[in-house]
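Here is the structure we will look at.
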Amino acid sequence: MGARAHGFRDRASEALADANLQRSIASLKDGFVAARARAVAELPEFEAMREAGAAIKDHTLANLDHYLLRYEAEVVKRGGHVHWANDAEEACRIVRDICHRVGAKTVTKGKSMVSEEIGLNAALEADGLEVLETDAGEYIVQLAKEAPSHIVMPTIHKTTRQIADLFHEHHQRYGFTERVEDAAELIGQVRSVLRSKFFAADVGVTGANFLVAETGSNVIVTNEGNGDLTSTLARVHIVTAGIEKVVPTLNDTAVLLRLLARSALGMDVTSYVTYATGPRRPDDLDGPEEYHVVLIDNGRTKMLAGAIRPMLRCIRCGACMNHCPVYLSVGGHAYGGVYPGPMGAVLMPMISGHDKAQELPHACTLNGRCQQVCPVKIPLPDLLRRLRHEQWEEGFIRGKSRWGITAWAWLATRPVLYHRLTKLIVALAGLAGRSRGRFHRLPLASGWTDDRDMPAPQATTFHAAWAKAKRQR
Amino acid sequence: MTLTGSTRGGETARPRVALFVTCLVDLFRPSIGFAAVKLLEDAGCIVEVPQMQVCCGQPAYNSGDTEAARRIARQVIATFSGFDYVVGPSGSCMATIRNDYPEMLSGEAEWRDRAKALAEQSYELMSFLTDVLGVHLDGVTYPGKVTYHDSCAGLRTLAIKAQPRQLLADVDGLELCELQDAETCCGFGGTFCVKYPDISIKMVSDKVGNIEMTGADTLLGGDIGCLLNIAGRLRRLGKPTRVFHAAEVLAGMASGPGIGDPKAEKA
Amino acid sequence: MGREEILARIRSALSDRPHAQADNAALDERMAMRPAGPAVHFDGDLLPRFIAKSLANHFTLERIASMQLLVPAIRALLPADETPDISVAQALDHVGWPPEWTINRGAGRPVERLSVTLAYAGIAETGSIVMRSGADSPTTLNFLPDLHVVVLHASDVVRYPEDVWRRMDVSAAAWPRSVNVISGPSRTADVGGTIVRPAHGPKSVQLIIIDD
């Protein structure tokens, strides 16, 4: 799924005017922000854990080839298969080929953001497969033919009423003829509908919060239990994962897991953390017959090679967007891609290219709250500024944005000229604005004055006043 | 004013401080600059204002024009060498000098070292007064209920949080009421406020709503960019809240018009 | 092929590292040592902490003196007029299930009222139980039932997940297909932010701790 970030401004404006969405987003603040703050306040070791988590990720990334090869060897030793995909198209082809070979008709999916990144569902459906998201939130947005708007809470943009309407429309064929609006009843419908699908699935696709090199395991972190039913009941279990998901040992996962649920949800731990390794063993009574891992690059080696490498530490907790005042104003869909918020503003240009995601690094005040809450200390504002730099160097920033800055920088290195010019302009502006103390309208600055007054200057610049005061001393 | 800190220049010599005016103070509100000078001189500093200064380079740096930012940084470094300290009434500009200059110039050995030296001497005004000079204010009055907006760069890059509150606690008659979401961005963000006005207005409106909830008659902060933004929205909405830079109150220079107010009517 | 191209790009990206290739010996040693990072510090005995945290996780919990008392404990969980039709992990096959009960000893079934499994360990830090898949412990018994009963020996409660990993054999022959660390019943908040139990997994999880 490519980014549609031209049009960020339009989508943002729509989002600001959407009362339902605004209410839903406000609940993020009251919910997850408050919960995370409580969880962190209770844990004096949290700062040390952040340091340790960042160090584990950086160490792994600095030796990524070694750890991926070790991981692959362990998976194979334990009866699994590892595939490597350069990009989205290759990754989809690998999964499609496996499905074709086993004669799959039905595919169930646990939550996997990378599978959305590569557009897997559309590729499988084009082959005539039935693809069912089983995470309740993903199931809902799949029914609604929408993209998830948050990487942890896909339905944050939807009200209970909207979901009730959706189920009333689509669940009739399962025998649910009455419209219900109770959350428990609605989820009960999801449970009922999907229970038989889990058993019918030929292939189950899950993601991976972590890949463990030591044991060749993939780790999934859920609350619903759908990930395990997906991977255990299908004949074939396929794991889709970015190459940056590997960590060295089980103890490394323990550190990162302590950070993950607290940062994402304000919980110490989720209901389920599963380490899945390979197909069923000879004595097992359940489990898949085949186990495949698709390791996906899709721009990650490019990030590894440059200043953007710290972004690969990301453990997909969503804390950055939960605390971002821009995300909290416009929601996830405004970003136009799979990954929204601060992490999306870095990832989308790197995955899809600057041309497809040009606006995202600029839709940010660089206030730094994201970096403060990131469990692995990713310097997100620095990375966004770096992307702006790349855009500047590569000519993506043009027109007013470019020459305005160029003109300012030119003047700024000519202080004598600057002081003379500004003394004059400010005197005039101060005169014009003196009576009201502010401007209601300013040419060239309607972005400011449409909804704000511009305070008027004080009729002199500081430098002019200082020079005058010095002369008078 | 009493001092309990210790400074460069030794026990007897008065520290030589260069004022980093900042472009917005220079253009929009020189009174903040004069307040800063007063506070520094009252604290025993010798204050100079080098003329060859315009801007810290942050607009260029944040827009991606790193080369231009470097040119400006070299000029600032050259202008401001030879002082004991460089102090400015802005967390955002001083964070650029402290944090970003060494990084920006890391590829040029000589300038990198000079940038590091300047960074170590550079301070935001209020943190300089408390952390370095150990200033306690005497005889400053501001009767009123005040609330405080923590500007992002100063807060997160320079850890400025307690210092303004410590200084404001010395002001007679001033009642400080904490702002809900004091640490949430006001939506200024440099060029962000004109590039993404819809989003910026939402953010500043939320800030105004929180200000109203405190019942304060005055909003203070440490960065004029934020204050222009918030005052602009307050005035457009017809709210009576007055807006000053904290330095103006601390220097006893807040009896005139606030930011965005007309010149005072004759009583 | 994708594999060679990706590895080549990785090596190129890491070309500034001090050694031409990853220092394999040092990395293998780190893997063997499995260094532990910061954990949640807590004092006191493990079992009280485990119980308190489990209850906070919305487990329900009872303690019995010995395995002999398991069958009556299970009986009490179902209505008196219902003849139990339950799934039991073979690890618990020896407790002597009443012949009139229907006992499924295989994998979990699509409709599953109650399953009984034996936990490998309990983790005091987080109030979690650890299940390992195997012939005597199918994974599906942990996820399909409405009510999941987990039997745990008090002596199997450890402090941290790191202690669980230390106890387990990670070799290919011994390491199970699935290790589940379970910290409560199934839940979701995807509809309007309202927390609902269950989602797909068990609605409730009853811990039966055997005091030994």
Distance (nanometres) between label positions extended 7 Å along Cα→Cβ at C:HIS94 and B:ARG14: 9.0
Run the accessible area of chain A with a 1.4 Å probe and give the carbon-and-sulfur part as a rounded percent. 53
Given an 8 Å cut-off on Cα distances and at least 6 residues of separation, report the relative contact order of the range C:56-149 as a percent. 26
For the range A:312-364, what does the alpha-carbon gyration tensor say about shape, rounded, prolate or oblate, given a ≥ b ≥ c as the root eigenvalues, a/c under 1.5 as rounded, and a/b over b/c as prolate? oblate
Virtual spin-label span in nm between C:ASP16 and B:ASP138, 7 Å along Cα→Cβ: 5.5
Only Cα pairs within less than 10 Å get springs; with that Gaussian network setup on chain C, which residue of C:PRO18, C:PRO138, C:PRO161 has the largest fluctuation? C:PRO18
Heavy-atom accessible surface of the range B:21-110: percent carbon and sulfur, 1.4 Å: 49
For the range A:31-132, what is Rg from Cα atoms divided by 2.2 N^0.38 Å, rounded to two decimals? 1.51
Enter the accessible area of A:GLU393 (Å², nearest 10), with the probe set to 1.4 Å and all protein chains included. 110
Using a Gaussian network model of chain B whose springs link C-alpha atoms within less than 10 Å, name the residue from B:GLU178, B:GLU108, B:GLU124 with the highest mean-square fluctuation. B:GLU108
Leaving out ligands, DNA and RNA, calculate the buried accessible area for the pair B and A with a 1.4 Å probe, summed over both sides, in Å² to the nearest 100. 5700
Given Cβ point charges of +1 (Lys, Arg) and -1 (Asp, Glu) and nothing else, what value in debye, to the nearest 20, does the dipole of the range A:249-336 about its Cα centre take? 600
What does the structure give for B:199-212 when I average, per residue, the other chain Cβ atoms found within 10 Å of the residue Cβ? 4
Using a 1.4 Å probe and counting only protein heavy atoms, arrange A:ARG50, C:ARG109 so the residue with the most accessible area comes first. C:ARG109, A:ARG50
Working only with C-alpha atoms, what are the Rg and Dmax values of the range C:122-164, expressed in angstrom? 11.4, 30
For A:382-391, mean number of other protein chain Cβ atoms within 10 Å: 3
Accessible surface, per residue, of the protein assembly as shown when the full set of protein chains is kept, probe 1.4 Å, Å²: 37
Starting at the first residue of the range B:109-120, write each ³J(HN,Hα) from the Karplus equation 6.51 cos²θ - 1.76 cosθ + 1.60 with θ = phi - 60°, in whole Hz, x for Gly and Pro. 3, 5, 5, 4, 5, 5, 5, 4, 5, 5, 4, 5
Can you pull the mean other chain C-beta count within 10 Å for peptide A:431-442? 3
Starting from 0.36 nm per residue, how many nanometres of slack lie between B:ASN210 and B:LEU3 once their C-alpha separation is accounted for? 71.0 nm
Whole-Å distance linking the alpha carbon centroid of the range B:142-204 with that of the range B:88-139 is 20
What's the long-distance tail for the range B:170-213, i.e. % of Cα pairs beyond 14 Å? 55
Ranking C:SER12, A:SER271 from most to least accessible area with a 1.4 Å probe gives C:SER12, A:SER271
Springs between alpha-carbon pairs under 10 angstrom, Gaussian network model over chain B: which of B:PHE28, B:PHE80, B:PHE188 fluctuates most? B:PHE28
For the range A:361-420, the convex hull over Cα atoms projects on average to an area in nm² of 5.6
Sequence-separation-based contact order of chain A, relative, with Cα cut under 8 Å and 6+ spacing, percent: 20
Heavy-atom accessible area of A:GLU133, protein chains in place, probe 1.4 angstrom, given in Å² to nearest 10, is 10
At R0 = 41 Å, FRET efficiency that the Cβ-Cβ distance of A:GLU178 and A:VAL102 yields, to 0.05: 0.60
Solvent-accessible surface (1.4 angstrom probe) belonging to C:SER155, in square angstrom, nearest 10: 80
Against the 2.2 N^0.38 Å scaling, with N counting residues, where does the range C:86-172 land? I'd like the Cα-based Rg ratio to two decimal places. 1.15
If Rh is defined by the Kirkwood formula over all Cα pairs and Rg also comes from Cα, what ratio Rg/Rh do you get for the protein assembly as shown? 1.02
Förster-model FRET efficiency, 30 Å R0, C:MET1 and A:GLU146, C-beta, rounded to 0.05: 0.25
On average over all directions, what projected area in square nanometres does the range A:169-249 have, based on the convex hull of its Cα atoms? 6.8
Anchor B:LYS145: lysines whose Cα lies under 29 Å away (excluding residues fewer than 8 positions away in-chain): A:LYS29, B:LYS38, B:LYS161, B:LYS202, B:LYS207, B:LYS239, B:LYS263, B:LYS266
Computed on alpha carbon atoms, what radius of gyration and Dmax characterise the range B:165-247, expressed in Å? 12.8, 41
Taking 25 Å as R0, compute the FRET efficiency from the Cβ-Cβ separation of C:ARG105 and C:ILE64 and round it to 0.05. 0.65
Taking Cα pairs closer than 8 Å and at least 6 residues apart, the relative contact order of chain B in percent is 19
Can you compute the charge dipole magnitude of chain A about its Cα centre, using +1 on each Lys and Arg Cβ and -1 on each Asp and Glu Cβ, nothing else charged? Give it in debye, rounded to the nearest 20. 3220
Over the residues of chain A, compute the C-alpha Rg and express it relative to 2.2 N^0.38 Å. 1.14
Note the buried accessible area between A and C here, summed over both chains, with a 1.4 Å probe, in Å² to the nearest 100. 7000
Assign one of three labels to the range B:99-227, namely rounded, prolate or oblate, based on the Cα gyration tensor with a ≥ b ≥ c the square roots of its eigenvalues; rounded applies when a/c is under 1.5, prolate when it is not and a/b is larger than b/c, and oblate otherwise. oblate
Using the per-residue mean of other Cβ atoms lying within 10 Å as a proxy for protection, in what order, highest first, do the peptides A:153-160, B:42-49, A:20-27 fall? A:153-160, B:42-49, A:20-27
Estimated inter-spin distance, C:HIS153 and B:SER255, nm [label 7 Å along Cα→Cβ]: 8.4
Residue-ordered couplings for the range B:243-257, obtained by feeding phi - 60° into the Karplus form 6.51 cos²θ - 1.76 cosθ + 1.60 and rounding to whole Hz (Gly and Pro as x), are 10, 9, 6, 3, 4, 5, 5, 5, 8, x, 10, 10, 8, x, x
In terms of the charge dipole of the protein assembly as shown, which places +1 on Lys and Arg and -1 on Asp and Glu at the beta carbon, the residue among A:MET348, C:ALA119, B:ALA109 farthest towards the positive end is B:ALA109
Which order do the peptides A:166-179, A:310-323, C:44-57, B:230-243 come out in when sorted by mean C-beta neighbours inside 10 angstrom, highest first? A:310-323, B:230-243, C:44-57, A:166-179
Assigned charges on the beta-carbon of Lys, Arg, Asp, Glu; the range B:179-232 dipole about Cα centre (debye): 200
Per chain A, cysteines lacking a partner by the 4.7 Å Cβ criterion: A:CYS92, A:CYS99, A:CYS314, A:CYS317, A:CYS324, A:CYS364, A:CYS374
Radius of gyration and maximum dimension Dmax of the range B:1-99, Cα, Å: 14.3, 45
If you average 1/r over all unlike Cα pairs in the range A:306-446 and invert the result, what Kirkwood radius do you get in angstrom? 17.6
Hey, if you put +1 on the Cβ of every Lys and Arg and -1 on every Asp and Glu Cβ in the range A:291-448, which of A:GLY336, A:ALA445, A:GLY306 ends up farthest toward the positive end of that dipole? A:ALA445
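The values are calculated or read from the model by the stated rules, or taken from the named source; none is laboratory data. Note that this is a predicted model, so its numbers are computed, not measured. Here Cβ is always computed from backbone atoms with ideal geometry, including for glycine, and neighbour counts include all displayed protein chains. With ligands, DNA and RNA removed, areas are computed over all heavy atoms of the protein, side chains included. Shrake-Rupley method; radii C 1.70, N 1.55, O 1.52, S 1.80 Å.
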